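Notes follow once the structure below has been shown.
The values are calculated or read from the model by the stated rules, or taken from the named source; none is laboratory data. Predicted, not measured: the structure shown is a model, and the values here were computed from it. So basically every Cβ, Gly included, is an ideal-geometry build from the backbone, and we count neighbours across all protein chains shown.
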Amino acid sequence: MALRLLLPLLLLAAALLVYPARGIGSQASDCCLKNSRKNIPSGWVKSYSLQGPETGCPLRAVVFTTRKNKKLCASPTDAAVQKLMQKMDKKKAQSTAPRRKASRQKGQRT
């Protein structure tokens, strides 16, 4: 009889101990664990994002997403990486800038 009462209590205690250990301060994030030292061709890259402690990742990195949706991690202090980021920013600014249509004047034929 005592075993019938004890077993559910032990299971409940075990569940309470295990459950918080899994979820404390953990986010489902995909962090870079190391940075590549290889140059990344700009033609491969479609976007980038930054990761670091503020995003829940221990390593500071620039995460480039390729046209094939692969993730490439690079050091944010690398000069080539900074240049590629600037190129991507410039490209994004040009693509989001409003475009003007050529206005036609009265009486003008095309």
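Looking only at residues that are under 13 Å from the mean Cα position of the chain (by Cα) and among the β-branched types (Val, Ile, Thr) in the stretch 54-77, which one is surrounded by the most Cβ atoms within 10 Å (Cβ to Cβ)?
Ranking the candidates gives VAL62 first.
For the stretch 75-98, which positions are at pLDDT 95 or above, out of contact with any helix residue (DSSP H, G or I) (no Cβ under 8 Å at 6 or more places or on another chain) and of a type outside the set (D, E, K, R)?
Residues satisfying the conditions are THR77, ALA79, ALA80, VAL81, GLN82, MET85, GLN86.
Within the set of pairs 6 or more residues apart or between chains, which connect a residue that is hydroxyl-bearing (Ser, Thr, Tyr) inside the stretch 34-47 to a residue that is surrounded by 10 or more Cβ atoms within 10 Å (Cβ to Cβ) and assigned to a loop (DSSP other than H, G, I, E, B) with Cβ atoms less than 9 Å apart?
These pairs meet every condition: SER36/SER75.
What do you reckon, is ALA15 part of a loop (DSSP other than H, G, I, E, B), aliphatic (A, V, I, L, M) and at pLDDT below 85?
no
Of the residues that make up the stretch 62-74, is at least one at pLDDT 95 or above, over 23 Å from SER95 (Cβ atoms), in a loop (DSSP other than H, G, I, E, B) and touching a strand residue (DSSP E or B) at 6+ places or on another chain (Cβ under 9 Å)?
The answer is no, given that none of the residues of the stretch 62-74 is at pLDDT 95 or above, over 23 Å from SER95 (Cβ atoms), in a loop (DSSP other than H, G, I, E, B) and touching a strand residue (DSSP E or B) at 6+ places or on another chain (Cβ under 9 Å).
Does SER49 fit the bill of being at pLDDT below 95 and among the hydroxyl-bearing types (Ser, Thr, Tyr)?
Answer is no for this residue.
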